[in-house]
Amino acid sequence: MATTAPVLPAFEIDEARLSRELAELATMTSVEPSAVGTAVTRVVFTSDDHTARAWLKGLADEEGFSVRADAVGNTFFRWEGADPKLAAIASGSHVDAIPHAGMYDGTVGVLGGLEAMRALKAAGLKPLRSIELVLLTSEEPTRFGIGCLGSRLIAGVLDAARADSLPDLMPKAEVGATLATVRAEAGFCGPLESCRLEAGHYAGWVELHIEQGPLLEREGMPLGIVTSIAAPAGYRFTIEGVGGHAGALLMPDRRDALCAASEVILSIERHTLAANAASGTNDTVATVGTCDVHPGAVNSVPSRVTLQLDIRDTDPERRESVMQSVRADIDGISERRAVTIKEEFVNADAPATSGAGIVQAIEEACAAEKIVAKKMVSRAYHDSSFMARIAPVAMIFIPSRNGVSHRPDEYSSPESIALGTRILALTLAKLASA
Ligand code: HGY
Ligand code: MN
Ligand code: MN
Ligand code: MN
């Protein structure tokens, strides 16, 4: 059916409504108010997450968008296009938030995407292609130890059986709880294989997100266009020593797991800094963000420590060479301290590259609004990293005040959120009309 591209009517982004909704979503959290900013914790499949999901569904229902959820809770809000058989254009992000985080990471992409669709619809646009807003499950690794769980399953890069067996890492989790049991309790059933969307399912994907770094603000740029996303990897280390009485167990007899773990952490830092010194860049980053000590009593020598390592690089080979150097040190540490150090692989992903056509559509939207945007690498990973496996993608970044994120003082201004949403709307309208 030959159809001409619809003319884009003038539309308005409702900045006040968007701010109100971001503030309302930020109340769906389980953390005490923070001295600075708004502390948010919203771990996947907790009551806060369910409250947020139900609230978003209500907003989508009000707009007449159809809603469906897949077997892991990825939720698709769809605005049917003139030709529903054509591959849709999609936008989306996440509403789960790590402990004691900020209120903008992920939520700007979900509420901004919703606002973009509402504004275009209110203005009378009839898109040729359907437009979908996708709420992706568990972008953060907090609960199941691996990030972008929902988008990995959509892209088919995470084995369904392995995913369902991922342990529930929440404090006080039921013994033996896994993604399979937790998602069933959350009401998401069916085989995880059914989450898979084939390449070509979407004609394009655009994610609006806060930069989570300092560059846009530092350079006075209003927006960023992400051309590639750095490659994340995750490992878990379990260090087993021998515990004992903090008073009676004498130093020569100790096999202290926490002292050994400390050497592992410093080895990771040392080799990461060496990689950057050798490359003359800061493109390699490594973080040990969790350290569980057993038995965790002040007067008991630690017998077991579990570390989670997050290591990222724009160059996966360089990332791997850092890991090789750390492994060599680990052999020495375990021998010298008579402890065992077990490494568990979690993930090691390739960098993602944005689709030229999507980048161009964002550039044209910026030009139409006389906005100059900065092309840049994202050092944070995003669901777009995995949506890139099945569709051409790109991301729109808005500035983060002081480059801060994953902290209660994370902040982006209402103006920049509205501007990012406007460019997203223009981009979606353009992509959905061809
Ligand atoms: O860690 C990240 O890069 C993302 O914010 N989850
Ligand atoms: Mn995050
Ligand atoms: Mn995010
Ligand atoms: Mn992300």
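Find how much the distance from Ala35 to Ala161 grows on full extension, using 0.36 nm per residue of separation minus their present alpha carbon separation; answer in nm with one decimal. Intermediate results must be reported in sequence, preceding the final value.
On the way: separation 126, 0.36 × 126 = 45.36 nm, distance 4.24 nm.
Additional length available on full extension: 41.1 nm.
Could you order Asp315, Asp168 by accessible surface area, starting with the largest, using a probe radius of 1.4 Å?
On the way: Asp315 50, Asp168 20 Å².
Accessible-area ranking of Asp315, Asp168, largest first: Asp315, Asp168.
Just Val43, Val359, Val346 to compare: in a GNM of the chain, with alpha carbon springs under 10 Å, which one fluctuates most?
In this elastic network of the chain, the residue with the biggest mean-square fluctuation among Val43, Val359, Val346 is Val346.
Calculate what fraction, in whole %, of the accessible area of the stretch 233-348 sits on carbon and sulfur atoms when a 1.4 Å probe is rolled over the protein chains. List each step's numbers first, then the result.
On the way: 3230 of 5940 Å².
With neighbouring chains kept in place, the figure for the stretch 233-348 is 54 percent.
Note the per residue figure in Å³ for the convex hull of the C-alpha positions in the chain. Mind showing how you got there, number by number?
Details: hull volume 63.1 nm³, N = 434.
It comes to 145 Å³ per residue, whole-number rounded.
Between Glu219 and Lys57, what is the FRET efficiency for a Förster distance of 45 Å, r being their Cβ-Cβ separation, to the nearest 0.05? If you can, show how the numbers build up before the last one.
Working: r = 39 Å, r/R0 = 0.86.
Approximately 0.70, to the nearest 0.05.
For Thr142, Thr27, what's the largest-to-smallest order of accessible area, 1.4 Å probe?
On the way: Thr142 45, Thr27 100 Å².
Order by accessible area, largest first: Thr27, Thr142.
For the chain, what does the helix formula give at 222 nm: sum of -39500 (n - 2.57) over DSSP H segments with n ≥ 4, over the residue count, nearest 500 deg cm²/dmol?
Details: 12 runs with 149 residues, N = 434.
Per the formula, -11000 deg cm²/dmol.
Note down the nm distance, to one decimal, between modelled labels 7 Å out along Cα→Cβ at Glu24 and at Ala199.
With each label point 7 Å from Cα toward Cβ, the separation is 4.1 nm.
Which helices count as membrane-span-like in the chain under these terms: full DSSP H, at least 15 Å along the axis by C-alpha, Kyte-Doolittle mean of 0.5 or more?
Details: long enough: 15-26 (16 Å, -0.29); 47-62 (23 Å, -0.96); 107-122 (22 Å, 0.83); 257-279 (33 Å, 0.80); 316-337 (31 Å, -1.22); 356-368 (18 Å, 1.06); 414-432 (26 Å, 1.01).
Qualifying helices, which must be both long enough and hydrophobic enough, are 107-122, 257-279, 356-368, 414-432.
If I stretch the segment between Glu364 and Glu185 completely, what's the gain in nm (0.36 nm per residue apart, minus their alpha carbon distance), one decimal? If you can, show how the numbers build up before the last one.
Details: separation 179, 0.36 × 179 = 64.44 nm, distance 4.51 nm.
This chain segment gains 59.9 nm when fully extended.
Rounded to the nearest Å, what's the spacing between the alpha carbon centres of the stretch 240-268 and the stretch 314-334? Just the number, please.
The distance from the Cα centre of the stretch 240-268 to that of the stretch 314-334 comes to 22 Å.
Tell me which trypsin sites (Lys or Arg not before Pro) from the stretch 1-100 have a DSSP coil assignment and no more than 10 other beta carbons within 10 Å of their own. Intermediate values should be presented prior to the final figure.
Working: sites: Arg17, Arg20, Arg42, Arg53, Lys57, Arg68, Arg78, Lys85; in loops: Lys85.
The qualifying sites are Lys85.
Residue by residue through the stretch 70-82, what is 3J(HN,Hα) from phi via Karplus (6.51 cos²θ - 1.76 cosθ + 1.60, θ = phi - 60°)? Round to whole Hz and write x for glycine and proline.
Values, residue by residue: 9, 5, 10, x, 4, 10, 10, 9, 10, 9, 5, x, 4 Hz.
Taking amide hydrogens as modeled 1.01 Å from N in the peptide plane, which residues meet the under 5 Å criterion relative to Ile225, leaving out close sequence neighbours?
Sorted by chain and number, the residues that satisfy this are Lys374, Lys375, Met376, Phe397.
Which length gain, in nm to one decimal place, applies between Asp409 and Phe345 when the Cα-Cα distance is subtracted from 0.36 nm times their residue separation? Provide the component values of the computation, followed by the final result.
Numbers: separation 64, 0.36 × 64 = 23.04 nm, distance 3.25 nm.
Result for the pair: 19.8 nm of gain on full extension.
For a quick check of understanding: with a 1.4 angstrom probe and all protein chains in place, what accessible area in square angstrom does Glu415 have, to the nearest ten?
110
If I model a spin label at Asp292 and Ala328 as a point 7 Å from the Cα along the Cα→Cβ vector, what separation in nanometres do I get?
About 3.2 nm separates the two model spin labels.
Check Arg255: other-chain or 5+ apart residues with amide H under 5 Å from its amide H, H built from backbone geometry?
Excluding prolines and chain starts, which carry no amide H, the hits are Val242.
Compute the signed sum of charges (Lys and Arg +1, Asp and Glu -1) over the other residues within less than 11 Å, Cβ to Cβ, of Val404. Display every interim value, and only then the final one.
Values: positive: Arg401, Arg407; negative: Asp105, Glu211, Glu217, Asp409, Glu410.
Combined, the nearby Lys, Arg, Asp and Glu give -3.
Cα centroid distance between the stretch 35-111 and the stretch 374-434, in Å?
With the stretch 35-111 and the stretch 374-434 each reduced to a Cα centre, they are spaced 15 Å.
Let me check I've understood the local charge: for Val293, count other residues with C-beta under 11 angstrom from its C-beta, Lys and Arg +1, Asp and Glu -1. What total comes out?
On the way: positive: Arg304; negative: Asp256, Asp292.
Computed value for this residue: -1.
Which ³J(HN,Hα) values, rounded to whole Hz and listed in residue order, are derived for the stretch 188-204 from phi using the Karplus coefficients 6.51, -1.76 and 1.60 in 6.51 cos²θ - 1.76 cosθ + 1.60 with θ = phi - 60°, glycine and proline given as x?
After applying 6.51 cos²θ - 1.76 cosθ + 1.60, I find 10, 10, x, x, 5, 4, 6, 6, 4, 10, 6, 3, x, 4, 10, 7, x Hz.
What is the dipole size for the chain, taken about its Cα centre, with +1 at each Lys and Arg Cβ and -1 at each Asp and Glu Cβ, in debye to the nearest 20?
Numbers: 40 positive and 56 negative charges, 69 e Å.
Around 340 debye, computed over the chain.
Which cross-chain or sequence-distant (5 or more) residues have an amide H under 5 Å from the amide H of Asn74, H modelled 1.01 Å from N in plane?
Thr137
With the crude spin-label approximation of a point 7 Å out along Cα→Cβ, what separation in nm comes out for Ala87 versus Thr353?
Here the answer is 1.7 nm between the modelled labels.
Considering only DSSP beta bridges whose two residues both sit in the chain, what percent are antiparallel, to the nearest 5?
Details: 48 of 69 bridges.
Taking every DSSP beta bridge within the chain, about 70 percent pair in antiparallel fashion.
Which of the aspartates and glutamates could be linked to Lys430 by a straight reach, that is with a Cα gap under 18 Å, when you skip same-chain ones fewer than 8 residues away?
In chain and number order, the partners are Glu12, Glu80, Asp83, Glu115, Glu132, Glu207, Glu363, Glu364, Glu369.
Between Lys126 and Ala10, take the C-beta separation as r, use R0 = 22 Å, and let me know the FRET efficiency to the nearest 0.05. Please list the in-between numbers first.
On the way: r = 15 Å, r/R0 = 0.68.
Approximately 0.90, to the nearest 0.05.
What do you reckon, how do His271, His209 stack up by accessible area (1.4 Å probe), largest on top? Intermediate values should be presented prior to the final figure.
Working: His271 40, His209 0 Å².
So the residues, ranked largest to smallest area, are His271, His209.
What number, in percent, do you get for the relative contact order of the chain if the mean sequence gap of Cα pairs under 8 Å and at least 6 apart is divided by its residue count? Walk me through the numbers before you get to the answer.
Working: 976 pairs, mean separation 102.5, N = 434.
Computed over the chain, the figure is 24 percent.
For the pairs Lys126/Lys370; Lys57/Lys370; Lys85/Lys370; Lys57/Lys342; Lys126/Lys375; Lys172/Lys375, flag any whose C-alpha to C-alpha distance is greater than 32 Å. Intermediate values should be presented prior to the final figure.
Working: Lys126/Lys370 25 Å; Lys57/Lys370 34 Å; Lys85/Lys370 34 Å; Lys57/Lys342 43 Å; Lys126/Lys375 30 Å; Lys172/Lys375 44 Å.
The answer is Lys57/Lys370; Lys85/Lys370; Lys57/Lys342; Lys172/Lys375.
The values are calculated or read from the model by the stated rules, or taken from the named source; none is laboratory data. Just so we're clear, the structure is a prediction, and the values are computed from it rather than from any experiment. All Cβ positions, glycine included, derive from the backbone under ideal geometry; neighbour counts span all protein chains shown. Just so you know, the surface numbers come from the protein's heavy atoms only, side chains and all, with ligands and any DNA or RNA stripped out. Shrake-Rupley method; radii C 1.70, N 1.55, O 1.52, S 1.80 Å.
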